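Colleague: Quick one: the structure is below, and I'll ask about it shortly.
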Amino acid sequence: MNRLKECSLVLLLGLFALDVSAQHHISGQVIDAETEEPVADVEIFNDETGKRTYSDREGHFETDPLPAGAYRLFFYSLGYEIVTEPLIVEEGDVNVDIRLEKISRELGVLSVTDHRDQMFAMKRLREVEGTAIYAGKKTEVILLNQLVASVATNNARQIYSQVSGLNIYESNDAGLQLNIGGRGLDPNRSSNFNTRQNGYDISADVLGYPESYYTPPAEALQEIQVIRGAASLQYGTQFGGVVNFRMKRPDRSKNLHWTSRQSGGSDRLFTSFNSLSGSTGSIGYYAYFHHKQGNGFRPNSGYDSQNAYTHLDYQWGEKTTLALEMTYQHYLAQQPGGLTDAQFYEDPVTSNRERNWFEVDWKLAALKLDHEFTAGTRLGVTVFGLDATRKAVGFRTNRVSQQDDPDEPRDLLLGEFNNWGTEVRFLNRYKMGGRNSVFLIGTKYYQSRNTSVQGPGSAGGDPDFSLASGTFPHYPNQSDFVFPNRNAAVFGENIFYLTDTFSITPGFRFETIDTRSEGDYRRINFDLAGNPIQNETFEDNRAFNRQFLLLGLGLSYLPKPQIELYGNLSQNYRSVTFNDIRIVNPSFQVDPDITDEQGFTGDVGVRGVIGNLLSYDVSGFGLLYDDRLGEVLRPEYRRNAEGELEETGRVVRFRGNIGRAFMYGLESMADLNLAEAVGLGRDDVGLSLFVNTALTRSRYFESQVAGVEGNQVEFIPFVNLKTGVRFGYKNWSGSLQYTYLSRQFTDASNARQNKNDNQSGIKGAIPDYDVVDLSLSYTVGMVSLETGVNNLLNNMYITRRATGYPGPGIIPSRPRTFYATLQLDLGF
């Protein structure tokens, strides 16, 4: 494996000869046209290279070395008109002074937004960003500073409102975990997306347990990048694609920038977010501490969370940047359990679980090196690691209405996740046939060693996560496993510009994956009186090694500068390991022969902007699944004393490779500047309307499981609608949002809902529901006030049917709640 990494690095450095021709700089000073004072922290964007730089405290700026040619620079600064400066670089450096004109009318609401994106809270990634290629892919970027939303509670329904087709589970009212899916992918802990922070993995185990127990607070984010399934070539094999959380960057215009946000709300919600940012010399820094606590809207649902993050970067000369990032999160949450259908319709905020607890401890670290050989040649190296635990203890029978016996042991799950990896990317812009081309090659090595222990927990009611095997030796659910995994990949893409307006981007990814299971489990059988008659320990050591090649192709056509027709087709692959096979869950069983998923994802669409009037993206998609993982309802089987399978008389969800499925649909997002449309023409007034619609169909067209073929795929509402208005006047701004999801099934057998069910709550569809959210904000100087009402109409609905924690059973929606935030923003 070391030889593979060495060879890959040599390949990166030797594939292309670097451009060593004469290089020049564009430099100058940015000043205020009225006061003649320098303007700091102006963003200067080079349209040709895609690079950004910033003016210093004296207004001075200097670009990276550039070869001779024509360039166009854009100068952006809050409160100033945008300046576009075309320049010709021939021989020697170029020096230019830029005078920025202040926006002549009162800014009002725009004082808290960036002028160039004032009406649109969503943008798309450029064809090339850093050392990544996004040409021909469906990309969506959420700009957090453009949102008026309940960010203090990480309200995903509002934050992700303009990302097409997302299905969101609202499993808790604290926003501690993100649960998003789409296109028929299970939203549970976003496990069908590759989740990253500043470009590196943050889930428990990318290969064997890709669940995201850690989600950064929205208050710390600059933007959220969502790249759909075609991202499988550059980022790995998840069908959903990538969700990349980009944290706020150091404020280099100040020595110290302090932001403090204090929030309170319903159910004794309290959050405190405090961040420091700035620079000194060549060192930039950004750090925050975030505390959140509350009681929850149901009994037995309190939580307490601490989260800290530190980013340090060092500008090592003109071409090299070194950055170190460290993240820590710990939270403890009491879980009220799920409900049966009968319980939900009788009292949706009740709870009959007092002894269920959940604890997460997450430690992340990353070291990043970015080096530019020339303006068009760049190398990025990232080394990252995770040391984390997930602990759960409680009573979770599939008879949800059954009362918990305080004298009985609780089921205890202990998971430790230790992994590290390195990713190297090399990007080169070059000429082919007189036209520009962009080449990307990269490698990734990933290694993890996770442990999973299941056994009896204490009979108490406190958050005690210690094993009680000595006290309860005949507890039936006991196992102890280690899961060592290794993965190495080589990937590449190349943009070929066939004309000035048309490009194709072929790509590949070669993977080698080795997953293993080492450990044992116990099988204990009882007679009718409950006495143990069999107690055996079985070893279960397995190895699964595979290699495969993924291919893809992207197309992009720009008939006009502001319109793009795009399309892509990529192979996808999702690795399944043994991590959850030996965890005994009373509500569902896992096929011990479960294996990987594979298939294709395709998109075709049109996107663009019409001046400052309209931003839009309309696309169709198709997703083909082979060996799709799914769940069906079937009788529960257990082995008797003779080792033979027999029915227990209960019904459980059975998880395994269900069959071949196809999902297809239409996704559209339009953001209309109503103020511009009706001719208000004032910078102190803002009014816009967005409509985000996804219409999705699906079918299992082949299955070896009886009763599945021809059924709809689970987790797919046919209609997924989010729409709303954003409005503002002077220093006031606000948003009103409406969300509607039609009925969706929760298993491949398409079980219907039974409102009279008073046993499990895990069976049945999720009925359609709608919800309205209102948010308001007022800013004056360094002080901001935010408030809002979530679920304004107080609708109660089923948000999911959980088979494990935080259930099992129905997880109800949060009722009407209020929040308020006070923010202070100071810079020195």
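Colleague: With unit charges on the beta carbon (Lys/Arg positive, Asp/Glu negative), name the residue among Pro717, Ala174, Gly380 whose Cα is farthest towards the positive pole of the charge dipole of the chain.
Modeller: In the chain, that residue is Pro717.
Colleague: Given a Förster radius of 45 Å and the C-beta distance between Thr320 and Thr35 as r, what FRET efficiency does 1/(1 + (r/R0)^6) yield to the nearest 0.05?
Modeller: Working: r = 36 Å, r/R0 = 0.80.
Once the sixth-power term is evaluated, E becomes 0.80.
Colleague: How much net charge surrounds Glu318 when only other residues with a Cβ under 10 Å from its Cβ are counted (Lys, Arg +1; Asp, Glu -1)?
Modeller: -2
Colleague: Another question about this same structure. Report Ser777's accessible area, 1.4 Å probe, all protein chains in place, as a number in Å² to the nearest 10.
Modeller: For Ser777, the solvent-accessible surface is approximately 20 Å².
Colleague: May I pose another question? Can you give me the relative contact order of the stretch 438-536 as a percent, contacts being Cα pairs under 8 Å and 6 or more apart?
Modeller: RCO, the stretch 438-536: 29 percent.
Colleague: Right, next: Given the pairs Lys51/Lys248; Lys138/Lys391; Lys137/Lys722; Lys444/Lys560; Lys51/Lys138, which span a C-alpha to C-alpha distance of over 28 angstrom in this model? Mind showing how you got there, number by number?
Modeller: Numbers: Lys51/Lys248 18 Å; Lys138/Lys391 37 Å; Lys137/Lys722 23 Å; Lys444/Lys560 37 Å; Lys51/Lys138 22 Å.
Where the Cα-Cα span goes over 28 Å, the pairs concerned are Lys138/Lys391; Lys444/Lys560.
Colleague: Mind putting a number on the dipole of the chain about its Cα centre? Charges go on the C-beta only, +1 for Lys and Arg and -1 for Asp and Glu, and I need it in Debye to the nearest 20.
Modeller: Taking the Cα centre of the chain as origin, the dipole is about 1080 debye.
Colleague: Which listed residue (Val705, Tyr740, Met796) has the Cα farthest towards the positive end of the charge dipole for the stretch 649-807, taking +1 on Lys and Arg C-beta and -1 on Asp and Glu C-beta about the Cα centre?
Modeller: It is Val705.
Colleague: Full-extension gain between Ser260 and His371, please, as 0.36 nm times their residue separation minus the C-alpha to C-alpha distance. Could you put the intermediate results ahead of the total?
Modeller: On the way: separation 111, 0.36 × 111 = 39.96 nm, distance 3.41 nm.
Going from the current span to full extension adds 36.6 nm.
Colleague: Follow-up question, since we're still on this one. Kindly identify the stretch 177-245 as rounded, prolate or oblate by the Cα gyration tensor criterion: order the square roots of the eigenvalues as a ≥ b ≥ c, call it rounded if a/c is under 1.5, otherwise compare a/b with b/c, prolate if a/b is larger, else oblate. Intermediate results must be reported in sequence, preceding the final value.
Modeller: Numbers: a/c = 1.41, a/b = 1.25, b/c = 1.13.
In terms of gyration-tensor shape, rounded.
Colleague: Using a basic spin-label model with each label point 7 Å from the Cα along Cα→Cβ, how many nm lie between Ala459 and Arg52?
Modeller: Output for this residue pair reads 6.0 nm.
Colleague: What's the angle, to the nearest 10 degrees (0 to 90), between helix 2-14's Cα axis and the longest principal axis of the chain?
Modeller: 20 degrees
Colleague: Let me ask something additional. With +1 on the Cβ of every Lys and Arg and -1 on the Cβ of every Asp and Glu, and nothing else charged, how large is the dipole of the stretch 176-225 about its Cα centre, in debye rounded to the nearest 20?
Modeller: Its charge dipole is roughly 120 debye.
Colleague: With charges set only on the Cβ (+1 for Lys and Arg, -1 for Asp and Glu), what does the dipole of the stretch 273-386 come to about its Cα centre, in debye to the nearest 20?
Modeller: Rounded to the nearest 20 debye, it is 200 debye.
Colleague: If you count only protein heavy atoms and use a 1.4 Å probe, how large is the accessible surface of Tyr740, to the nearest 10 Å²?
Modeller: 60 Å²
Colleague: Here is a follow-up. Just to confirm the filter: which trypsin sites (Lys or Arg not before Pro) across the stretch 749-828 are DSSP coil and have at most 16 other Cβ within 10 angstrom of their Cβ?
Modeller: Filter output for the stretch 749-828: Arg752, Lys755, Arg816.
Colleague: Another question, if that's okay. Using every alpha carbon pair in the stretch 414-460, what percent of pairs falls into each 10 Å bin from 0 up to the bin containing the largest distance?
Modeller: Reading the bins upward from 0: 18, 23, 19, 15, 12, 8, 4, 1.
Colleague: Which sequence of Met326, Met247 reflects their accessible areas, 1.4 Å probe, from the largest down?
Modeller: The residues order as Met326, Met247, largest area first.
Colleague: Here's a follow-up. Which stretch or stretches of the stretch 247-276 have amide N atoms under 20 Å from the point lying 7 Å from His291's Cα along the Cα→Cβ direction?
Modeller: It comes to 258-276, nothing else.
Colleague: Hey, another quick one. Rounded, prolate or oblate: which one fits the chain, using the alpha carbon gyration tensor with axes a ≥ b ≥ c (rounded when a/c is under 1.5, else prolate when a/b beats b/c, else oblate)?
Modeller: prolate
Colleague: Run the numbers on the chain and let me know its relative contact order in percent, using alpha-carbon pairs under 8 Å that are six or more apart.
Modeller: Over the chain, the number comes to 11 percent.
Colleague: Can you classify the stretch 241-292 as rounded, prolate or oblate using the Cα gyration tensor, where a ≥ b ≥ c are the square roots of its eigenvalues, rounded means a/c under 1.5, and otherwise it's prolate if a/b beats b/c and oblate if not?
Modeller: It comes out oblate by the Cα gyration axes.
The values are calculated or read from the model by the stated rules, or taken from the named source; none is laboratory data. Source: prediction; values computed, not measured. Here Cβ is always computed from backbone atoms with ideal geometry, including for glycine, and neighbour counts include all displayed protein chains. All accessible areas refer to the heavy atoms of the entire protein, side chains included, with ligands and DNA or RNA removed. Shrake-Rupley method; radii C 1.70, N 1.55, O 1.52, S 1.80 Å.
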